[in-house]
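Undergrad: Before I ask anything, let me first share the structure, which is written out below as C-alpha cells.
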Amino acid sequence: MQHRLLLAAALFVSTTAAWAQVPVPAAKQTKATLLTGATLHVGNGQVVEKAAVAFNDGKITYAGPASGFNAGGTSYETVNVSGKHIYPGMILPNTQMGLNEIESVRATLDQQEVGMFNPNVRSVVAYNTDSDITPTLRSNGVLMAQVTPVGGMISGSSSVVQLDAWNWEDALVKADGAVHLRWPAMVQQTADNSPQVQQRRQARQTGLQELESLLAEAKVYKNQKNDRENLKLNALVGLFDGSKKLFIHADYGKEIVEAVRFVQKSGVKDIVIVGGGDALVVSDFLKENNIPVVYSGVHALPSRAGDDVYLPYKMPGLLQKAGVLFCLDYDASLHGSRNLPFIAGTAVAFGLSKEEALSSVTLNAAKIMGVDKQVGSVEVGKDASIVVSEGDILDMRTNKISHAFIQGRKLNLTDKQQYLYEKFNGKYEQGSKGDIGK
C-alpha cells in the first residue's frame, strides 16, 4: 500500500512539473501598445522602414512610419523593437492540428467520421486547444489555422481558429466557413480490365451520382420552407448563396477541371482547389473561373518522371506569374507544420519575391478563407495578430520570434521543444565540466 502511495505521489509530481511547462492563454489586452523602430512587412507587398505599429483593445490603430504616429491623447506602452521585423501572424490552411495528436493512440484522433457524405460534421467542436503542437507553431510565427476534417467524399466543414485560447469557442475566428470535398481519383484507361478495375470505376461513378443527388437535394432544401431541419442538407445550403466556400481536394489537371464543372453545374458559387499539383497546367481555366489554390507539396518530388526535379519549389513563383491567387499549406507532417514559413522561404529561393512569399502564408490565405477583413495584414482596423522577429521570418536561420500578439494579447512563446532544448543543453554543459553521469 505504501509503495502504491509513493508511486502515485511521484506520478503527481512529474505530471505537475510537465504541466508547468504548458503556456497559459494570454489575458485580454488592457494597455494600449506601441511597437516602434522595426521594419514593417504589411503582408500586402508593402515594406515600411523605421515603422511603428500601435494597437488597443485588440485592434490595430496605427501602422506606418514612426515619424507619423500620433497618440491622440491615448497613453501607449512603448516597446522598442529597433533592428527587428514586424509581420502579420501566419495562417496554416488545411490542417488536422488540434484534431490529431498521437498517431498510434486512437483516443487522440478526432479528424474523421465514418461514412462518405458528412457535410454536417463540424471539425471545430473536436478542436483541442491544449495540443502540445500548438505552441510550436506560435513560436515560429504561425498564429492561426484552418482546422479541417478528413475522410469520405464530403469530410465536413472547416473553421479558422486563432492559436491561443482556453476552448474552441474562444479560438474561433470564422466558424464553418468551408465544406471539404475530396474528389475521387480517375480510373485510368488501361489494357487491364480486371474485376478490381471495373469495381473501382463503378464505385467512382456511384459516388459521383450520389454527390450530384445530394447537391440537388440541398439546392431544393434551400429554396423551400422546412418544418424539420435536415442537418446534412442545411450544412450545404451556404454553397449556393456564396456564404460558404467549397474546398475541392484534387491534384490531377483533368480531375480539377472535372470537379469544378461538376459542382458549378450544381450551382455552387465559391470554389477553392486544395492540393493543386497540376494547377499550373490548368492555370488559364482557374483564372477564367476565379478559383484560388491552396497549394501543397512545395517540399515534394514532382508527380511525373519527366518533370523538372525543382518544379515543386518553383510552382509558387510560376503560379504568381500566371496570375492565380494561391496560398501555401504544409501537408508533409502534422508535427512539422511549424515549418510553414520555411516552405514560403523555399519558394523565395526559386522565383517568388520575399513579400509575395509572405503574402502566400498571410494575406492570400486570409482572402481564400474569407477572413481578410479581420486578419492577414498589419493594417488599421484589423486584429492585432502580429509577430516580431529578430530577422527574416521566412529563413530558419533568422526566424527568432521575440514577441507575438493575438488580438493584442501578448503570447507566452514557451513550447515543449524549447523546454527540451534548454534541458539537454544544460545536461551537456554539465558534461563539459566533467559532471556528466554524476
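The values are calculated or read from the model by the stated rules, or taken from the named source; none is laboratory data. Quick caveat, the model's predicted, so the values are computed rather than measured. Here the Cβ is made from the backbone with ideal geometry for all residues, glycine too, and neighbour counts use every protein chain on show. Heads up: the accessible areas ignore ligands, DNA and RNA and are worked out on the full protein's heavy atoms, side chains in. Shrake-Rupley method; radii C 1.70, N 1.55, O 1.52, S 1.80 Å.
Undergrad: Within 9 Å, Cβ to Cβ, of P65, how many net charges do the neighbouring residues add up to if Lys/Arg are +1 and Asp/Glu are -1?
TA: 0
Undergrad: Hey, what angle do you get for helix 416-432 against the long axis of the chain, alpha-carbon based, 0 to 90 degrees rounded to 10?
TA: 50
Undergrad: For the range 90-374, with the dipole built from +1 on Lys and Arg beta-carbon atoms and -1 on Asp and Glu ones, taken about the Cα centre, which of L328, A279, Y310 lies farthest toward the positive end?
TA: Checking the options against the dipole of the range 90-374, the answer is A279.
Undergrad: In addition: For the range 92-221, what does the relative contact order come out to in percent, with C-alpha contacts under 8 Å and a separation of six or more? Working shown, then result.
TA: Details: 217 pairs, mean separation 27.7, N = 130.
That works out to 21 percent.
Undergrad: OK, next. Residues with amide H under 5 Å of N94's amide H, sequence separation 5 or more or different chain, H placed in the peptide plane at 1.01 Å from N; which?
TA: Placed amide hydrogens put Q146 under 5 Å from N94.
Undergrad: Equivalent-ellipsoid semi-axes (√(5λ), Cα gyration tensor) for the range 241-281, whole Å, largest first?
TA: On the way: eigenvalues 71, 24, 8 Å².
Gyration-tensor ellipsoid for the range 241-281: 19, 11, 6 Å.
Undergrad: A follow-up question, please. Please give the Cα centre distance for the range 129-182 versus the range 367-396, rounded to the nearest Å.
TA: Using only Cα atoms, the two centres lie 17 Å from each other.
Undergrad: Once you charge only the Cβ atoms, +1 for Lys and Arg and -1 for Asp and Glu, what is the size of the charge dipole of the range 223-290 about its Cα centre, to the nearest 20 debye?
TA: That gives the range 223-290 a dipole magnitude of about 280 debye.
Undergrad: Once you keep just the Cα pairs under 8 angstrom separated by 6 or more residues, what percentage relative contact order results for the chain? All intermediate terms of the calculation are to be shown ahead of the outcome.
TA: Values: 911 pairs, mean separation 85.1, N = 438.
Relative contact order, the chain: 19 percent.
Undergrad: Then there is this: Please report the equivalent ellipsoid semi-axes of the range 90-374, computed as sqrt(5 x eigenvalue) of the Cα gyration tensor, largest first, in whole Å.
TA: Value: 28, 25, 19 Å, ordered largest first.
Undergrad: Put a dot 7 Å past each Cα toward the Cβ at V309 and E258; how far apart are the dots in nm?
TA: Modelled inter-label distance: 3.2 nm.
Undergrad: Could you tell me what % of all Cα pairs in the range 340-425 have separations over 22 Å?
TA: On the way: 1301 of 3655 pairs.
Roughly 36 percent, rounded to a whole number.
Undergrad: Follow-up question, since we're still on this one. Sequence gap at least 6, Cα distance under 8 Å: using those rules, report the relative contact order of the range 145-269 to the nearest whole percent.
TA: 23
Undergrad: Now a separate question. Report, in deg cm²/dmol and to the nearest 500, the calculated mean residue ellipticity at 222 nm for the chain, where each DSSP H run with n ≥ 4 adds -39500 (n - 2.57) and the sum is divided by the residue count.
TA: -9000 deg cm²/dmol
Undergrad: Provide the gained length on full extension for the span K400 to V79, in nm with one decimal, where the gain is 0.36 nm per separating residue minus the Cα-Cα distance. Mind dumping the intermediate values first?
TA: Details: separation 321, 0.36 × 321 = 115.56 nm, distance 1.70 nm.
Result: 113.9 nm gained on full extension.
Undergrad: How much of Y310 can a 1.4 Å solvent probe reach, expressed as accessible area in Å² and rounded to 10?
TA: Accessible area, nearest 10 Å²: 110 Å².
Undergrad: Follow-up. Determine, for each peptide in 269-277, 155-163, the mean count of other beta carbons within 10 angstrom over its residues, then list the peptides with the highest first.
TA: Order by mean packing, descending: 155-163, 269-277.
Undergrad: DSSP loop GluC sites (Glu not before Pro) in the range 75-104 with at most 12 other Cβ atoms within 10 Å of their Cβ, which ones?
TA: E103
Undergrad: Okay, moving on. Can you compute the charge dipole magnitude of the chain about its Cα centre, using +1 on each Lys and Arg Cβ and -1 on each Asp and Glu Cβ, nothing else charged? Give it in debye, rounded to the nearest 20.
TA: Its charge dipole is roughly 300 debye.
Undergrad: Could you compute the net charge surrounding T136? Neighbours are other residues with a C-beta less than 15 Å from the C-beta of T136; K and R count +1, D and E count -1.
TA: Every neighbour counted, the sum reads -2.
Undergrad: If you fit an axis through the alpha-carbon atoms of helix 195-222 and take the longest principal axis of the Cα set of the chain, what angle between them do you get, 0 to 90°, nearest 10?
TA: The answer is roughly 80 degrees.
Undergrad: Taking the 0 to 90 degree range and rounding to the nearest ten, how far is the long axis of helix 340-349 tilted relative to the main principal axis of the chain, both from C-alpha atoms?
TA: 80
Undergrad: One-quarter of the Cα convex hull surface for the range 149-302, in nm²?
TA: Values: hull surface 49.1 nm².
Mean projected area of the Cα convex hull: 12.3 nm².
Undergrad: Along the charge dipole of the range 90-374, pointing to its positive end and built from +1/-1 on Cβ of Lys, Arg, Asp and Glu, which listed residue (S155, Q111, V197) has its Cα farthest out?
TA: V197
Undergrad: Enter the Cα centre distance for the pair the range 248-301 and the range 345-363, rounded to the nearest angstrom.
TA: 21
Undergrad: Related question: Enumerate by residue number the GluC sites (Glu not before Pro) in the range 211-277 meeting two conditions: DSSP loop (anything except H, G, I, E, B), and at most 11 other Cβ atoms within 10 Å of the site's Cβ.
TA: Sparse-neighbourhood loop GluC sites (Glu not before Pro): E229.
Undergrad: Rounded to the nearest Å, what's the spacing between the alpha carbon centres of the range 56-81 and the range 416-431? Just the number, please.
TA: Measuring centre to centre over Cα atoms gives 38 Å.
Undergrad: Next question, about the same structure. For the range 279-438, how big is the tail of P(r) above 23 Å, as a whole percent of Cα pairs?
TA: Every Cα pair in the range 279-438 considered, those over 23 Å come to 50 percent.
Undergrad: Let me ask another. Under the Karplus relation 6.51 cos²θ - 1.76 cosθ + 1.60, θ = phi - 60°, what is the ordered set of whole-Hz ³J(HN,Hα) values for the range 381-392, x standing for Gly and Pro?
TA: Going residue by residue, I get x, 8, 4, 7, 9, 9, 10, 10, 10, 5, x, 4 Hz, with x marking Gly and Pro.
Undergrad: Where does the charge balance sit around S75 when Lys and Arg score +1, Asp and Glu -1, over other residues with C-beta under 14 Å from its C-beta?
TA: Neighbour charge sum, excluding S75 itself: -1.
Undergrad: Considering only protein heavy atoms, what per residue accessible area in square angstrom results for the chain with a 1.4 angstrom probe?
TA: 49
Undergrad: OK, next. Compute log10 of I(q)/I(0) for the range 59-182 with the Debye formula, placing one identical point scatterer on every Cα and leaving out solvent, at q = 0.14, 0.20, 0.21 Å⁻¹, to two decimals.
TA: Log-scaled intensity ratios, in q order: -0.69, -1.08, -1.16.
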